[in-house]
Structure formats: structure tokens, C-alpha cells
Protein chains: 2
Amino acid sequence: MISIVLFGTGNLATHLFKALLKAEKFKVVQVYNHKPESLDFFKEKTNTTTNLAEVVPADIYLVALKDDVIPVLAKKLIYKNALVVHTSGATPMSVYSNFEKFGVFYPLQTFSKNKTVDFKNIPICIEANNEVDLQILEQLALEITIKVYKISSEQRKVLHVAAVFVSNFVNYLYTEGQEICTRNKIPFEILHPLILETASKIIDLSPKEAQTGPAKRNDLEVINSHLELLNEEQQKIYKILTGSIQNLHGKEL
Amino acid sequence: MISIVLFGTGNLATHLFKALLKAEKFKVVQVYNHKPESLDFFKEKTNTTTNLAEVVPADIYLVALKDDVIPVLAKKLIYKNALVVHTSGATPMSVYSNFEKFGVFYPLQTFSKNKTVDFKNIPICIEANNEVDLQILEQLALEITIKVYKISSEQRKVLHVAAVFVSNFVNYLYTEGQEICTRNKIPFEILHPLILETASKIIDLSPKEAQTGPAKRNDLEVINSHLELLNEEQQKIYKILTGSIQNLHGKEL
């Protein structure tokens, strides 16, 4: 049995804890958070503490805290033989290099407060400063998901940029789509099935193959009539993305 | 029984035909297409023709052809008592105003050759030049989907622009995300679950609520480190969308 102390009680920490309840080789022996009330859910199921000095020795310290708190633990944890890993996409592995064994255990997903997530298909990106611990992290990840990737800190940074394009920026385009609908008194929900289909399409097709629309067809009449319906900000975005699509698909304005 | 002649044998026409096989009040009595081989699928199930002069009289002429062919039928169809409707998002209803009864029957979805689509949740936007025929189109749409919207030609144009943002442009951002991954030898599939979750999130949350990422947090350190990893085109897009998100969420560079 490999023992784990879990730091954090947020959405991700809670999901990880639940998934690990069923694990055979791993056991969460303690949960830490500085706020007592946040530990309520965990109290009945395992040992908990709000005091870093009371953290018990364990095989793995799994740190699911915010980016700015992650480095704080590097100094405050007394027991130095644990494998210390954090769950952040943006923080380098080296933040815990004052421990002998350290790594990263990064689930690549967008977590929102009011939306539950099915964990078993979430990719978990792992990294460790030695091969033995990388294998332990792989076993741990396989308790939670079927998708485990060995990813270096440099690759994780690249993944994070790509994620900004396909998630943060995409969500912003949804926001503009909603603004256009709302301003014209059209319910945005009409577009929900299109949004879901556009996303699920690229599981089967490459996004380049899946591209459709007036920019790809170089349909200038439609493009110009669209621009008339947009505000200044939207026109700017429409022009730049239309131009990019035309460049990629070999056509010019 | 309301009789229908279906014009077209493409993806949409085929989906519509299959859905209408189960209809109680409607029956496709003939399918037209100019290419004989495209009629193979339909031959065993109904009457077919490649000759416009052989088109039979019917209650509804349902035109699921490409935008540029739609107006051609306006002149060539001899039987003028049918309710003539097309399935296009971009063509105005008035293209068939030489008929007494005309309208639009527009399923709002992205159809790709190699990807089947579940029709029962696809919104169908209907429009007609009179109330009686609008109700007939509503009944027809309800045979296929539970989501029917009465949408004017003007609103349909707005919907089409919004669809460009949430589908065509979104797909282009997927393309850039894939390019970033491929260039750095990271499998794009790692991002698939994130893409699906980003899309399905906005069914429960408004996109404005769902926004996350460095632009929203105004995390300049991360933003600058991201820009270094991008090509010129991607930097342009990154900067403009980051600026827009910061404007919307009340922060400045």
C-alpha cells in the first residue's frame, strides 16, 4: 500500500480523493487544508488537519493547491523523504527540487465550480525527476484515468498554450456568438447543438479537414454582409480569423 | 397525408429522407437529383427522377440543394401550387417568391461527409410567407426534431454570423492548437477531452461565466511566455483575443 497525503480541498482535490477511494495500491491517509470548514467532506473518510506541522509522513505528498501556494510548501514540509508532486499546468517541476524525489501530476481539463466532470477520460500528464517515481505516478494516474502521458515541463508549457487556443479563446468566441444573438433577440441555445457537434467532429476528423464556412469558400458576398452586422471588436476578430482561414486554405481576399 | 418531393441527395437530404420514413402525416413521394448514381439509395424506397420535367405534383417541394442551384429551380418547376421551401441558412426566402406559397426549412448544424449526425436535437429554423404554411412546416419539423424555431430571413442572417464565430472560427482555433502540438511533437488527442468539456460547459453556464485562463486572470508573465512559443500568425490571434478577453472582463494590459 502506497500512502498519500492530499493537500487541497478544491474541485480537483475532491475529484482526485473520490477516485482514489476505489484504488487498490494507493490510500489517502490524510487531507490538509488551512480552512477547517473545507475539510468537512473528508473528515468521515480519512484523517484531516489544518496544521502543516501535523502532516504525517507518507510515500506521496500530492499538492492540489493554487499556483501561488505551491512553492510555500517546499519550505514548510518537514518530512523530506516523500515523493512531492503538484497538479499544476503552469508551475515547473523544479519548484520542489529541495526534495530528493519530486514530480508533476497534471490533469488537463477545465474545472468549473458548478459543473461536474467525468474523470476517467481526462488525460493526466506526469513527470518526475527519476524513472522509479515516474512509474509510481503512472500507476497512480492509471487508478483514475485510462489516459496517461509522460510530459516534460517544456512540453507541458506548450500544451498550456495550445489549451489557451482550443479552450480559453474558443470560449471567448462563444461569448461573442452569444452577444450577437442576444443583441438581435435570438435565443443562444439554438447554437448549442452546433457548438457540441463542432467540438465532437474533430475527434474523427482533423480540424483542417473539418473546416467549413464562408472564409474557407472565399465567399466575399457573405463575408461583407456579415461584417455589417458586427460591432467594431467583432469586426476586428472576424477579419483576422477570416484572413487566417483564407491563408491556410490557399485563397486570398 | 401530405406529399413531398425532395430535391437533392446529399448528406442533409439523405438525413431528412431517413427521418421522414417514420413520419405519419408526411410522405416523400419522389426524390430528384441530376446524377442518376446519387439516387441509388432512394430507388428502392420511393420514386426517383433525374429529369425536372418529370417531377410530380406534390404538397411540398423540399429543396436540399447547394445555394447556387436553389434559384435555378424557381424557373424550372412547372407545378406552381406546391409549397416550395429550401434548407439554406444563407439564401433568403424570397428566392421562391414566384410561387404562391414559399418558405425556408433550415436545420442549423454542420454536416461533414464522414461524420453522421443525430437529427433529433438539431434545431430547425422555419419561415413561410403565410401562417397556414408556417404551421405545416412546424409539423414537418416536429417529425424530425424536438427543437423548432420560427426565424425570419433577417434573424437567420444574424444566426449565420453567430454560427461563423462559434463553429467556423472555433474550428480554426482547433487547427492552430493542433499546429502548436504537432510542431512540438505532442499528440493533439491530449486536448480532445478539454475541447469537448469546453463546449459542453456552456450548456450549463453562460460563456462569460465559464471564461478561464491567463487573459482573464491578467497573468502577464504567462501571457508573455506563451507568445514566445507561437508563430507570427498565432501571435497576432493570441494578442487580439487576449485583449478582447481583458476588455470584457474589465482588465487592461
What are the residues in the stretch B:217-238 that are at the interface with another protein chain (Cβ under 8 Å from one of its Cβ atoms), buried (at least 18 other Cβ atoms within 10 Å of the Cβ) and over 17 Å from residue B:169 (Cα atoms), if any?
B:222, B:226, B:229, B:230
Please find, among A:194, A:241, the residue that is closer than 13 Å to residue B:165 by Cα, surrounded by 15 or more Cβ atoms within 10 Å (Cβ to Cβ), touching a residue at least 24 places away in the same chain (Cβ under 8 Å) and assigned by TED's automatic domain parsing to the domain that holds residue A:167.
A:241
Out of A:83, A:108, A:134, report the one residue that is in contact with a Cys (Cβ under 8 Å, 6 or more places away or on another chain) and in the same structural domain as residue A:14 (by TED's automatic domain parsing).
A:108
Tell me, please, whether a residue that is facing chain B (nearest Cβ under 7 Å) and closer than 20 Å to residue A:242 by Cβ can be found in the stretch A:148-155.
no
Flag if residue A:153 is touching a Ser or Thr at 6+ places or on another chain (Cβ under 9 Å) and closer than 18 Å to residue B:195 by Cβ
no
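Just to be sure before I move on: is residue B:139 assigned to a helix (DSSP H, G or I), more than 30 Å from residue A:150 (Cβ to Cβ) and more than 16 Å from the chain's Cα centre (by Cα) in the structure I sent?
yes
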Looking only at the stretch A:97-116, decide whether some residue is in a helix (DSSP H, G or I) and out of contact with any strand residue (DSSP E or B) (no Cβ under 8 Å at 6 or more places or on another chain).
no
Taking the stretch A:174-191 and keeping residues of a type outside the set (Ser, Thr, Tyr) and either buried (at least 23 other Cβ atoms within 10 Å of the Cβ) or within 7 Å of another protein chain (Cβ to nearest Cβ) (or both) leaves A:176, A:177, A:178, A:180, A:181, A:184, A:186, A:190, A:191
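Does the stretch B:143-160 hold any residues that are of a type in the set (A, V, I, L, M, F, W, C), touching a Lys or Arg at 6+ places or on another chain (Cβ under 9 Å) and in a helix (DSSP H, G or I), and which are they?
The answer is B:158, and nothing else.
Is the stretch A:161-172 home to any residue that is more than 7 Å from every other protein chain (Cβ to nearest Cβ) and either at pLDDT below 95 or part of a helix (DSSP H, G or I) (or both)? Break it down into steps so the answer makes sense when it comes.
To start, the set of residues in the stretch A:161-172 that are more than 7 Å from every other protein chain (Cβ to nearest Cβ) comprises none.
For the stretch A:161-172, residues more than 7 Å from every other protein chain (Cβ to nearest Cβ) and either at pLDDT below 95 or part of a helix (DSSP H, G or I) (or both): absent.
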Would you check which residues across the stretch A:46-69 are farther than 18 Å from residue A:14 by Cβ and of a type outside the set (Gly, Ala, Ser) and list them?
A:51, A:52, A:54, A:55, A:56, A:57, A:59, A:67, A:68
Find the residue count for the stretch A:216-231, including only residues that are assigned to a helix (DSSP H, G or I) and of a type outside the set (D, E, K, R).
7
Do the conditions hold for residue A:45, that is, is it in the same structural domain as residue A:76 (by TED's automatic domain parsing), loosely packed, with under 13 Cβ neighbours inside 10 Å and in contact (Cβ under 8 Å) with a residue 24 or more places away in the chain?
yes
Can you name the residue in the stretch B:56-66 that is in a loop (DSSP other than H, G, I, E, B) and in contact with a helix residue (DSSP H, G or I) (Cβ under 9 Å, 6 or more places away or on another chain) and is also farthest from residue B:93 (Cα to Cα) among such residues?
B:59
Residue that is in contact with a Gly (Cβ under 6 Å, 6 or more places away or on another chain), within 30 Å of residue B:123 (Cβ to Cβ) and outside the structural domain of residue A:60 (by TED's automatic domain parsing), where the choices are A:188, A:165:
A:165
Which numbered condition residue A:23 misses (of (1) touching a Phe, Trp or Tyr at 6+ places or on another chain (Cβ under 6 Å); (2) under 20 Å from residue A:142 (Cα atoms); (3) assigned to a loop (DSSP other than H, G, I, E, B); (4) of a type in the set (A, V, I, L, M)):
(1)
Just a yes or no: is a residue in the stretch B:202-212 outside any helix (DSSP H, G or I) and over 24 Å from the mean Cα position of the chain (by Cα)?
yes
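The values are calculated or read from the model by the stated rules, or taken from the named source; none is laboratory data. Every value quoted in this text rests on a predicted model; they were computed, and no experiment measured them. With ideal geometry, Cβ positions are generated from the backbone for all residues, glycine too; neighbour counts draw on all protein chains shown.
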